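Engineer: The structure that follows is given in the form of structure tokens.
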Amino acid sequence: MEMVVQGFSTRKVSAITEELCGARFSKSTVSELCVGLDARVKVFNERSLEGEYPFVMVDALFINSRQGDRVVKRAALIASGIRSDGHREILGIKIGDSENCATWEDMFKWLKGRGLSGVYFVISDDHCGITKAVDKHFQGATWQRCQVHLMRNLLGHSPTRLRGEVAAAAKRLFQATDMTEARRRLTEFVEQFDKSAPKVVACMEAGFEDAMAVMALPEKYRKRLRTTNMQERLNEEVRRRERVIRIFPNDESALRLIGALLAEQNEVWQERKYLDMDEFNEWVAAQKEAKRGNNIIALAG
């Protein structure tokens, strides 16, 4: 089972066990033994989520699963969070028909049912299904559009000869130290490309506010929370093992392997703190105090 989780194919597992143990296991036997992972995955994927998770990152990756005589694309929806104590945690995985609003709504409802709370920021790409589900299930939370994904969108709209200039200008904008500087760089960006690349300008103007939402946070948190890089690296680990299999026999086997891998990675994440949350907690307290003051002024008025 451990060999399978680490990315060995059933054929390789069979060959290794024969060399080490003198007994050859068929691929079907290896697959049957891997069913033993189900209990471990269920405990991990259905556990209660305790405490608060100020930052949540979500993403989906597509896998091939066999459905009867057909091979179909399935969406593996994965969510991770950063707890109020600064540790990262993989919140769970669900296998869905596709990545749309309905599947993400089911995902968020499931996570909240297990105890997910205290969410201040949700970081993801600009998938309409995610954003609609976030608006519905995390009212009051801020959606941060991944700046890396926005950069890809900008370059996708850019003429080939201008891609270097667009990337450099967008990078300067994203690295602004405050919103005043960011808006000034946006004006410069628009002036620079308004005539030569109008689609790029429209894309930047449409995505600017959501991509720069992270500027509301203290500076020390912006670098790690302006993109979904943490989630992307996790997806790469899943991909590295998923490529060995290529086609899962069914959704259950996909959940078994990916869930076991995520459970293992989650244990690694607990070894060290990802963020020092002291300054964030002070920021939250200041936000609450300011809101309380505004309410008092409103009532007095």
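Engineer: Among what's in the range 264-281 and is touching an Asp or Glu at 6+ places or on another chain (Cβ under 7 Å) and within 15 Å of residue 40 (Cβ to Cβ), pick the residue that is surrounded by the most Cβ atoms within 10 Å (Cβ to Cβ).
Structural biologist: By that ranking, first place goes to 266.
Engineer: Among the residues of the range 95-107, are any at pLDDT 95 or above, touching an Asp or Glu at 6+ places or on another chain (Cβ under 7 Å), within 30 Å of residue 273 (Cα to Cα) and β-branched (Val, Ile, Thr)?
Structural biologist: no
Engineer: Same structure, new question: Is it fair to say residue 86 is at pLDDT 95 or above, of a type in the set (Gly, Ala, Ser) and in a loop (DSSP other than H, G, I, E, B)?
Structural biologist: Spelling it out, residue 86 is indeed at pLDDT 95 or above, of a type in the set (Gly, Ala, Ser) and in a loop (DSSP other than H, G, I, E, B).
Engineer: Return the residue satisfying two criteria in turn: it lies in the range 49-77 and is among the β-branched types (Val, Ile, Thr) and in contact with a helix residue (DSSP H, G or I) (Cβ under 7 Å, 6 or more places away or on another chain), and of such residues it is modelled with the lowest pLDDT.
Structural biologist: 63
Engineer: Tell me the residue from 84, 65 that is of a type in the set (Gly, Ala, Ser), under 27 Å from residue 274 (Cβ atoms) and more than 17 Å from the chain's Cα centre (by Cα), please.
Structural biologist: When all the criteria are applied, what remains is 84.
Engineer: When you scan the range 236-263, how many residues do you find that are assigned to a helix (DSSP H, G or I) and surrounded by fewer than 17 Cβ atoms within 10 Å (Cβ to Cβ)?
Structural biologist: Residues meeting the conditions: 7.
Engineer: Also, I was wondering about something else. Six or more apart or on different chains, Cβ under 8 Å: which pairs go from a residue in the range 104-118 that's touching a residue at least 40 places away in the same chain (Cβ under 8 Å) to one that's polar (S, T, N, Q) and surrounded by 15 or more Cβ atoms within 10 Å (Cβ to Cβ)? Could you list them?
Structural biologist: Listed by first residue and then by second, the contacts come to 118/84.
Engineer: If you scan the range 142-182, which residues turn out to be over 20 Å from residue 223 (Cβ atoms) and either charged (D, E, K, R) or without any contact (Cβ under 8 Å) to a residue 40 or more places away in the chain (or both)?
Structural biologist: If the condition is that a residue be over 20 Å from residue 223 (Cβ atoms) and either charged (D, E, K, R) or without any contact (Cβ under 8 Å) to a residue 40 or more places away in the chain (or both), then 155, 156, 159, 160, 161, 162, 163, 164, 165, 166 are the ones that fit.
The values are calculated or read from the model by the stated rules, or taken from the named source; none is laboratory data. Model, not experiment: these values are computed from the prediction. Every residue, glycine as well, gets a Cβ built from its backbone with ideal geometry; the counts of neighbours run over all protein chains shown.
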